[in-house]
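Written below as structure tokens is the structure these notes are about.
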Amino acid sequence: MASRLFRVCGALRAVRAGPAALGRGPGPLMGSCRPATSGGMPTDEEQATGMEKKVLDALKKGTDPYCLYPPKACQGTKDDPHLVPSVSSARLVGCICEEDATEIYYMWLHKGKMERCPSCGTHFKLVPLEMP
Ligand SMILES: [Zn+2]
């Protein structure tokens, strides 16, 4: 009786494991399905689609088309102005002149023209940005 029960349980385990366990064909987990137990969790790059995939591809190439990284430090002088990327020919910029400032000076930047903050004298320049 006990041996018959073990044979039935072994057969059920073999059916759950798939035809490979029974010696009939390839295993059930071949192909695109990858189990988590074998370390098969898809990475972000593998499962990303749409805009997320474009961003990951751009970061892999070393470019920053969506301005995800902080801007490069510069002095803000006429010779080394703050470069403001823009996809259009104009962009509104706010200057927080000091760290503890309670007001922001806004100014429009136009393509090809440098602007100067009226309060602190920092220079800003618009640079064209191309989207992928
Ligand atoms: Zn300022």
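Quick notes
- Tally, over segment 65-91, of residues that are among the small types (Gly, Ala, Ser) and loosely packed, with under 15 Cβ neighbours inside 10 Å: 4
- The set of residues in segment 74-125 that are hydrophobic (A, V, I, L, M, F, W, C) and under 27 Å from the mean Cα position of the chain (by Cα) comprises 74, 83, 84, 87, 90, 92, 93.
- Members of segment 75-91 that are more than 11 Å from the ligand (Cβ to nearest atom) and either of a type in the set (Lys, Arg) or in a strand (DSSP E or B) (or both): 78, 83, 84, 85, 86, 90, 91
- Scanning segment 92-110 for residues that are open to solvent by 50 Å² or more (accessible area, probe 1.4 Å) and within 16 Å of the ligand (Cβ to nearest atom) returns 92, 96, 98, 99, 100, 102, 103, 104, 105, 106, 108.
- When residues of segment 111-126 are limited to those that are among the hydrophobic types (A, V, I, L, M, F, W, C) and open to solvent by less than 40 Å² (accessible area, probe 1.4 Å), the one nearest to the ligand (Cβ to nearest atom): 117
- Cross-chain or 6+ apart pairs with Cβ under 9 Å, segment 56-67 first and closer than 15 Å to residue 87 by Cβ and assigned to a loop (DSSP other than H, G, I, E, B), then of a type in the set (Asp, Glu) and open to solvent by 60 Å² or more (accessible area, probe 1.4 Å): 65/130
- When segment 108-126 is filtered for residues that are under 16 Å from residue 92 (Cβ atoms) and part of a loop (DSSP other than H, G, I, E, B), the ones remaining, listed by number, are 111, 113, 117, 118, 122.
Here is a yes/no grid of residues against (1) free of Cβ contacts under 8 Å to residues at least 24 places away in the same chain; (2) in contact with a Ser or Thr (Cβ under 9 Å, 6 or more places away or on another chain):
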| site | (1), (2) |
| --- | --- |
| 73 | yes, no |
| 77 | no, yes |
| 83 | no, no |
| 87 | no, no |
| 95 | no, yes |
| 114 | no, no |
| 117 | yes, no |
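The values are calculated or read from the model by the stated rules, or taken from the named source; none is laboratory data. Predicted model, so just to flag it, every value in this text is computed and none were measured. Cβ: placed from backbone, ideal geometry, glycine included. Neighbour counts: every protein chain shown. The accessibility values were calculated without ligands, DNA or RNA, using every heavy atom of the protein model including side chains. Shrake-Rupley method; radii C 1.70, N 1.55, O 1.52, S 1.80 Å.
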